[in-house]
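A short reminder: the numbers here are calculations on the coordinates, not readings from a lab. Worth saying up front: this structure is predicted, and the values here are computed from it rather than measured. Glycine gets a Cβ as well: all are built from the backbone with ideal geometry, and neighbour counts include every protein chain shown.
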Ligand SMILES: Cc1ncc(COP(=O)(O)O)c(C=O)c1O
């Protein structure tokens, strides 16, 4: 295979820094590099590998679908697309679905939908209030909705119509709402922004404010959804329902997919308003149908909940023995370890050298999001590795 990093450096556009590892195969929670080293994968394709790597059931569904029908135009009906759509609607609070190929694309669809709704129903209103440190994708409009200025500043004037407020601050949201507001858009727990968990009542208050003002609530469940939070959707734990929700990442267990879901009253797209060549194609939706079925038939969601609690306890326990471990936060199997100094990069490197893949989401926060099928022994092994890295860093 030669030296992959140099081959890539010669031809690729560099858009981000890669870890110095070339992964060649996986099984369950484990992946192997091209030198034969194995790692516990607590990044899981950024919360996408719901059932772990090389799941035999998912592999079989993909292979069978590939032998049957990979792709046809959305000018035709296909069976896998309607089957996944029906399952999503049955097992969410939403009434209608549009399929896309990624999280950013699902959010683009949600933003278009909310703007059209506002223009039609709120006297031309098209502004969307989103949150600082939120993350909604890398297309021009989703970076305009993303609360990290560095992601949009190099690219000229951003799509207008976005207003930012602090996350977990209902008063700020109220102050920012005007006659121009069409919707509020946020994550139930901010993932990329640092695994930021809001007050338990935050979403309820946001929902109540949106109802009082007659504006839509868009929940981006791209990272928190599909069982990652310990329930199928994170909004269930807040006791509310969104008007629009987006899903992607874990929805098809690693096969690219995205979905915009909406309540009937917010579902204002008409023929010609939106579309996608690949969105909802038979391969991706057959995979999504299999993954969602596995979550619904029992076992995987329960495991995510139990292993999430185990991970929470083990990470919290590090505080007793390590001055560098200053707290843990998160939901289900989306968790962050807070460090007392900006050493997240050192922890990530040390963990990798010892066979654990994790990533930093802030200079002082390391994120853990293994497949939902992770075992009890694997959680213990991962935290033991982190503990040995902290020992070394603290002895310097
Ligand atoms: C909450 C959230 N929304 C949107 C996205 C964008 O998804 P994608 O990378 O599939 O475009 C991400 C990706 O990390 C995300 O975490």
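Calculate for the chain the 222 nm mean residue ellipticity that helices alone would give, adding -39,500 (n - 2.57) per DSSP H run of length 4 or more and normalising by residue count, nearest 500 deg cm²/dmol.
So the helix-based figure for the chain works out to -11500 deg cm²/dmol.
Cα-based Rg of the chain per 2.2 N^0.38 Å, rounded to two decimals?
0.98
Mind listing the Cα extents of region 107-254 along all three principal axes, in Å, largest one first?
Extents along the principal axes: 38, 37, 25 Å.
Enter the angle in degrees (range 0 to 90, nearest 10) between the Cα long axis of helix 376-394 and the first principal axis of the Cα atoms of the chain, meaning the one along which they spread out most.
Rounded to the nearest ten degrees, it is 70.
Once a ≥ b ≥ c are taken as the square roots of the eigenvalues of the Cα gyration tensor of region 1-111, is the result rounded (a/c under 1.5), prolate (a/b larger than b/c) or oblate (a/b not larger than b/c)?
Note, shape of region 1-111 comes out prolate.
Once the Cβ-Cβ distance between residue 211 and residue 342 is put in as r, and R0 is 56 Å, what FRET efficiency do you end up with, to the nearest 0.05?
0.85
Compute the distance from the alpha-carbon center of region 322-359 to that of region 167-200, in whole Å.
If we compute the Cα centre of each part, the gap is 26 Å.
Where the centroid of each part is defined by its Cα atoms, how far is region 17-92 from region 252-296 in Å?
If you average the Cα positions of each part, the centres end up 15 Å apart.
At residue 171 and residue 241, where each label point lies 7 Å from the Cα along Cα→Cβ, what is the point-to-point distance in nanometres?
3.3
Tell me, what does the Kirkwood hydrodynamic radius of region 178-297 come to in angstroms if you use every pair of distinct C-alpha atoms?
15.6
Sort region 39-83 into rounded, prolate or oblate with this rule: let a ≥ b ≥ c be the square roots of the eigenvalues of the Cα gyration tensor; rounded if a/c is under 1.5, and if a/c is not under 1.5, prolate when a/b is larger than b/c, oblate otherwise.
Cα axes put region 39-83 in the prolate bin.
How far is helix 103-121 tilted off the main Cα axis of the chain, in degrees rounded to 10, range 0 to 90?
It works out to around 20 degrees.
Taking the chain as the reference, fit the longest principal axis to its C-alpha atoms, fit the long axis of helix 282-296 to the helix C-alpha atoms, and give the angle between the two in degrees, 0 to 90, nearest 10.
70
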